[in-house]
1. Any chance the stretch 47-60 includes a residue that's without any contact (Cβ under 8 Å) to a residue 12 or more places away in the chain, of a type outside the set (A, V, I, L, M, F, W, C) and at positive phi?
2. State which residue is surrounded by the most Cβ atoms within 10 Å (Cβ to Cβ) when the search covers only the stretch 76-92 and only residues that are touching a residue at least 24 places away in the same chain (Cβ under 8 Å) and of a type in the set (A, V, I, L, M).
3. For the structure I just gave you, tell me whether Phe100 is touching a Leu at 6+ places or on another chain (Cβ under 7 Å) and under 18 Å from Arg60 (Cβ atoms).
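Please treat every number below as a calculation from the coordinates, not as lab data. Please read these numbers as outputs of a predicted model, since none were measured by experiment. Methodologically, a virtual Cβ is constructed for each residue, glycine included, from the backbone with ideal geometry; neighbour enumeration extends over all protein chains shown.
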Amino acid sequence: MTLEEIRNEIMNKFSSSWATATEICWPNQKFNEPNAIWIRPTIKMGETFVGEIGQGVGLRTGVLMIQIFDLANNGTKNALQYAARLETLFRRVDLNGVMFKESSSDILGLDDNGYYNVLVSIGFEAWIGE
């Protein structure tokens, strides 16, 4: 799979499964922060490993990181419920060749902009050169 094919599969999943839950801050798109909870997905590509000698396949790795931003002084319940929902949405899912692993969440707390921040991370792999 190419980088664009990986990005497309992941963002299509967001569009079809999450778009009505909260506002989404899409990568490299203008975004006005709402006065409500919102999320920001980021795809971080990792290393690619040789699967076959020569012109054969390789295994590309990466991490889908989804930041959840809730308003300050709003408690933790909503952000953690959304984190659990996101973990379930991508946990051990195969999106047409983007194979997700186990998901995890990290409570980051208040950020410099006054939002309560939770980070959901899900590692993935995809074959390239097939």
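1. Within the stretch 47-60 (the criterion being without any contact (Cβ under 8 Å) to a residue 12 or more places away in the chain, of a type outside the set (A, V, I, L, M, F, W, C) and at positive phi), the answer is yes, since at least one residue qualifies.
2. Leu86
3. no
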